[in-house]
Each structure stands twice: as C-alpha cells, then as structure tokens.
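The structure under discussion appears below in the form of structure tokens.
The values are calculated or read from the model by the stated rules, or taken from the named source; none is laboratory data. What you see is a predicted model; the values in this text were computed from it and never measured. When we count neighbours, we look across all protein chains shown, and the Cβ atoms used for this are built from the backbone with ideal geometry, even at glycine. These area figures cover heavy atoms from the full protein model, side chains too; ligands, DNA and RNA do not enter into them. Shrake-Rupley method; radii C 1.70, N 1.55, O 1.52, S 1.80 Å.
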Amino acid sequence: MHALLTTASRITPVPGNKDGSYLTMRSKNGLIFGVINLVGNFATVFNDQAYWQRAIASRPATCVKAYLLGGLA
C-alpha cells in the first residue's frame with residue numbers, strides 16, 4: 001500500500017501537502033482540521049453533562065486534570 005501511494009503521489013501530487021504526498025502529516029488542511037478538532041473536543045468537555053457531574057462529585061485537583069485530558073482526547 002505504501003509503495004502504491006508513493007507512486008500515486010508522484011503521478012498526481014496533492015496540492016498543499018509536503019512533496020505532494022498522500023502520507024504526510026505536514027499539510028495546511030491537516031493543521032486546520034487539527035485545530036478545529038481540538039476546539040470541538042474542548043467544547044464537548046465544557047458542554048457535556050457527564051463532565052459537569054464529575055466536577056461536582058470530585059476534588060478540584062482531579063477535576064482540572066479530567067477537563068484537560070478530556071479536551072485533548
């Protein structure tokens with residue numbers, strides 16, 4: 001599969017990706033997707049009732065860790 005995708009990227013490169021590769025993590029659209037996903041995950045953490053219940057039922061130190069880990073998940 002890797003060889004096929006590498007060959008395909010040489011024949012028809014993807015505009016905006018590093019070296020036109022299909023297998024890169026360096027692309028503008030990938031960065032935009034990552035930022036949107038990160039913001040969306042934090043929005044879910046702050047609006048989901050299960051996280052709020054956890055905040056009420058736990059100590060403040062563990063609550064902060066839970067919010068940060070939930071947003072990064």
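Right, Y51: open to solvent by less than 60 Å² (accessible area, probe 1.4 Å), at pLDDT below 80 and outside any loop (DSSP other than H, G, I, E, B) or not? Full working, then the answer.
Details: open to solvent by less than 60 Å² (accessible area, probe 1.4 Å): no; at pLDDT below 80: yes; outside any loop (DSSP other than H, G, I, E, B): yes.
Answer is no for this residue.
Does the stretch 54-73 hold any residues that are modelled with pLDDT of 75 or more, open to solvent by 100 Å² or more (accessible area, probe 1.4 Å), over 30 Å from V14 (Cβ atoms) and among the aliphatic types (A, V, I, L, M), and which are they?
Within the stretch 54-73, L69 is the sole residue that qualifies.
Would you check which residues across the stretch 19-31 are out of contact with any strand residue (DSSP E or B) (no Cβ under 7 Å at 6 or more places or on another chain), open to solvent by less than 100 Å² (accessible area, probe 1.4 Å) and farther than 18 Å from L72 by Cβ and list them?
Answer for the stretch 19-31, where residues must be out of contact with any strand residue (DSSP E or B) (no Cβ under 7 Å at 6 or more places or on another chain), open to solvent by less than 100 Å² (accessible area, probe 1.4 Å) and farther than 18 Å from L72 by Cβ: G20, S21, L23.
Identify, by number, the condition in (1) without any contact (Cβ under 8 Å) to a residue 24 or more places away in the chain; (2) under 23 Å from the mean Cα position of the chain (by Cα) that L38 doesn't meet.
Exception for L38: condition (1).
Report yes if A3 is exposed (fewer than 11 other Cβ atoms within 10 Å of the Cβ) and modelled with pLDDT under 85, otherwise no. Please lay out each step first, then the result.
Details: exposed (fewer than 11 other Cβ atoms within 10 Å of the Cβ): yes; modelled with pLDDT under 85: no.
Taking the combined requirement at face value, the residue does not satisfy it.
Evaluate the stretch 33-42: report whether one residue or more is at pLDDT below 85 and either over 26 Å from G71 (Cα atoms) or surrounded by 10 or more Cβ atoms within 10 Å (Cβ to Cβ) (or both). If you could, list the steps in order and put the result at the bottom.
So the first thing to find is which residues in the stretch 33-42 are at pLDDT below 85, and the list is 41-42.
Then drop every residue that is not either over 26 Å from G71 (Cα atoms) or surrounded by 10 or more Cβ atoms within 10 Å (Cβ to Cβ) (or both), which leaves 41-42.
Checking the stretch 33-42: at least one residue is at pLDDT below 85 and either over 26 Å from G71 (Cα atoms) or surrounded by 10 or more Cβ atoms within 10 Å (Cβ to Cβ) (or both).
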